[in-house]
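The values are calculated or read from the model by the stated rules, or taken from the named source; none is laboratory data. Given the structure is predicted, the values throughout are model-derived calculations rather than measurements. Positions of Cβ are generated from backbone atoms using ideal geometry, with glycine treated the same way; all protein chains shown enter the neighbour counts. Please note that ligands, DNA and RNA were not included when accessible areas were found on the heavy atoms of the full protein model with its side chains. Shrake-Rupley method; radii C 1.70, N 1.55, O 1.52, S 1.80 Å.
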Amino acid sequence: MSTATQQHAPKVGFISLGCPKALVDSEQILTRLRAEGYNITPDYDDAELVVVNTCGFIDSAVEESLDAIGEALHENGKVIVTGCLGAKADTVLKHHPQVLAVTGPHALGEVMQAIHAHIPKPHDPFSDLVPAAGIKLTPAHYAYLKISEGCNHRCSFCIIPALRGDLVSRPAGEVMREAEALAQTGVKELLVVSQDTSAYGVDVKYRTDFWGGRPLKTRLTELAQALGELGIWIRLHYVYPYPHVDEIIPLMAEGKILPYLDVPLQHASTRILKAMKRPANIENTLQRIQGWREICPDITLRSTFITGFPGETEQDFDELLQFLREARLDRVGAFTYSAVEGADANMLADPVADEIKQDRLERLMALQEQISAEKLAAKVGQHMTVLVDGYSDEGLLLARSAADAPEVDGVVILDGVEEAKPGEFLKVTIIGATEHDLIAE
Ligand code: SF4
């Protein structure tokens, strides 16, 4: 870290109580603080916050710890409590409800998270190898925000759980700090992704984390609410229609997050969905969609489907087409089934011939093209906000509306707009539509 940056590095006060095990915890926290560029100060006045590593062994130690927390609160005001007494968070909060965060012993990660939430990790442009928001491969104005890894389902065509294991959710505070850093670097749209976005937090029992000094549950609704406060576009992908997803739709209706939901359904025949071992059943999906549209009439629904899954009959495929006719989804991606090495579905009987898979794909896409064209034609004359992406190879100026995720959906072609920069929001009027795209001025 350069000397100038070091002088401006945030200062943390530290009080270490208790036995040698607690001392080791303190050393680890102090080491990490220094490694991340924070300064340590012995003065309450100088510190931006104080960490108190407590002891809870006997009554006198509890008292000493509570007194130390009280003193730090009185002298500084911003206090994070860790250590053995922190394992009894109720006791700490009963005496000192103003503390910023409480963790148990050996909780280096949680303590650092709480510190980051209140005084962000200093960034040194001279020595840090990566920008504060990390290295991104997307254009500067949008970014993917991965909230979890792995998956608890075992869909028969998928080997992700075998490759990446069960669901591991990132703590909500950590996700929010990354999102905030991205927004600060100029990102205008965050695309929330994971293998199963609606399952976010199930693995940690929706544990409460901290962001910006306030508690935040590791749960999709709470995360979407917090992301909605960043003032940029938030788009949710890979959301299975579990009941609690209904809680998110009002956030869309209120304009907190984009009225857009990517719900990978893969099929509509109950028989095939069972063979696929898909989460969530399709029976209620039409009613759910109806309910979502009542709450948020502007919602854009995207889904993906597979044609020619082993055992798929003409009747199963007809059910899928009928579902599409009734659901009138806005965006649909479809693929022919192809065996993935190691997937259970490879063992299923009655594989579908390649020509039939392809024929069904074409029929599905033809139907959806018609639905899409009708839905887009209905938008002609509407005014909407679009986010500029830049010029196409043909020199067309392209943007996207709330209804268009990058790479997978359509675009809004800007006609007669002299100049606009990627990442700029423009208010436009729709003057034309094709099967997939809109034209605006
Ligand atoms: S398809 Fe999706 S939900 Fe199913 S196992 Fe794979 S990652 Fe999980």
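The table that follows gives values for the structure above.
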{"quantity": "Two-site FRET efficiency, Arg328 against Leu137, from Cβ-Cβ distance with R₀ of 41 Å, rounded to 0.05", "calculated": "0.75"}
{"quantity": "Positive-pole candidate from His383, Ser194, His96, dipole of the chain, charges at beta carbon", "calculated": "His96"}
{"quantity": "Cross-link pairs Lys11/Lys256; Lys256/Lys277; Lys205/Lys256; Lys78/Lys121; Lys146/Lys188; Lys277/Lys375 - those with Cα-Cα distance over 23 Å", "calculated": "Lys11/Lys256; Lys256/Lys277; Lys205/Lys256; Lys277/Lys375"}
{"quantity": "Separation in nanometres of the label points that stand 7 Å from Cα toward Cβ, at Leu286 and Tyr391", "calculated": "4.9"}
{"quantity": "Bridge type composition, the chain - antiparallel percent by DSSP, nearest 5", "calculated": "35"}
{"quantity": "Average Cα contact separation per residue, region 297-410, under 8 Å, 6 or more apart, as relative contact order %", "calculated": "27"}
{"quantity": "Qualifying lysines (Cα of each under 25 Å from Cα of Lys274; at least 8 residues distant if same chain)", "calculated": "Lys357"}
{"quantity": "Positive dipole terminus of the chain, leading residue within His141, Pro351, Gln113 (C-beta point charges)", "calculated": "Gln113"}
{"quantity": "Value of [θ]222 nm, deg cm²/dmol, for the chain, DSSP H segments ≥ 4, -39500 (n - 2.57) each, nearest 500", "calculated": "-10000 deg cm²/dmol"}
{"quantity": "Derived scalar couplings ³J(HN,Hα) [region 297-306; Karplus, 6.51 cos²θ - 1.76 cosθ + 1.60; whole Hz; x for Gly, Pro]", "calculated": "x, 7, 4, 9, 10, 10, 8, 10, 9, 10"}
{"quantity": "Using a Förster distance of 35 Å, the FRET efficiency for Lys375-Asp166 (Cβ separation, nearest 0.05)", "calculated": "0.40"}
{"quantity": "Using distinct alpha-carbon pairs, which all enter the 1/r mean, Kirkwood radius of region 171-251 in Å", "calculated": "12.9"}
{"quantity": "Ranked order, Lys205, Lys88 - accessible area, probe 1.4 Å, largest first", "calculated": "Lys205, Lys88"}
{"quantity": "About the Cα centre, charge dipole magnitude for the chain (Lys/Arg +1, Asp/Glu -1 at Cβ), debye", "calculated": "720"}
{"quantity": "Efficiency of FRET from Cβ geometry, Glu71 and Leu426, R₀ 56 Å, rounded to 0.05", "calculated": "0.50"}
{"quantity": "Radius of gyration and maximum dimension Dmax of the chain, Cα, Å", "calculated": "26.0, 79"}
{"quantity": "Net lengthening on full extension, Glu64/His116 (0.36 nm per residue, minus Cα-Cα)", "calculated": "16.0 nm"}
{"quantity": "Residues with amide H under 5 Å from that of Asp415, placed H, sequence gap 5 or more", "calculated": "Ala440, Glu441"}
{"quantity": "Accessible area of the chain belonging to carbon and sulfur atoms, whole % at 1.4 Å probe", "calculated": "53"}
{"quantity": "Isolated Cys in the chain, by beta carbon distance under 4.7 Å", "calculated": "Cys19, Cys55, Cys84, Cys151, Cys296"}
{"quantity": "Stretchable slack from Asp415 to Gln382, in nm (0.36 nm times residue separation minus alpha-carbon distance)", "calculated": "10.4 nm"}
{"quantity": "Stokes-Einstein D for region 147-197, Kirkwood Rh over Cα pairs, 10 °C, 1.306 mPa s (µm²/s)", "calculated": "129"}
{"quantity": "Arg331, Arg271, Arg293, ranked by accessible area, largest first (probe 1.4 Å)", "calculated": "Arg271, Arg293, Arg331"}
{"quantity": "For the chain, accessible area per residue (1.4 Å probe, heavy atoms of protein chains only), Å²", "calculated": "47"}
{"quantity": "Protein-only accessible surface order, largest first, of Leu426, Leu93 at 1.4 Å", "calculated": "Leu93, Leu426"}
{"quantity": "Stretchable slack from Lys274 to Glu254, in nm (0.36 nm times residue separation minus alpha-carbon distance)", "calculated": "3.6 nm"}
{"quantity": "With DNA, RNA and ligands ignored, accessible area of Tyr391 (1.4 Å probe; Å², nearest 10)", "calculated": "130"}
